[in-house]
Amino acid sequence: MAVSSELVHRGYSFVCLSCGHGWEAEFAIRLATDDYGRLHATYYVDERRVPSPLSDARCPACESRHIRILRPGRVDSARVRRED
């Protein structure tokens, strides 16, 4: 049982190091502290519970787990550059 909880919103930028695909996502995160003082985070996108993007990120383009997670707004500066 949670002793206290709060809802926060966090955005993350992601870049796939396998295919170069970049994307951003906004998460609602329910932060709850239990009776023993342990913090638990539950992630939501569009009111649907999802796995933590920090531990289970997967590229929507190629399904790779070789992902770099950045601050919001950093996708364009971190994309893999391709030789022409």
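A few comments on the model shown:
- Of the chymotrypsin sites (Phe, Trp or Tyr not before Pro) in region 21-65, those whose Cβ has at most 14 other Cβ within 10 Å and which sit in DSSP loop: Y36
- DSSP beta bridges in the chain [antiparallel fraction, %, rounded to 5]: 100 percent
- Alpha-carbon Rg/Rh ratio, for the chain, with Rh computed the Kirkwood way: 1.09
- Helical contribution to [θ] at 222 nm, DSSP H n ≥ 4, -39,500 (n - 2.57), averaged over the chain, rounded to 500: -500 deg cm²/dmol
No lab work stands behind these numbers, since they all come straight from the coordinates. In this text, all values refer to a predicted model and were calculated from it rather than measured experimentally. Counting neighbours? That spans all protein chains shown, and the Cβs are built from the backbone with ideal geometry, glycine included.
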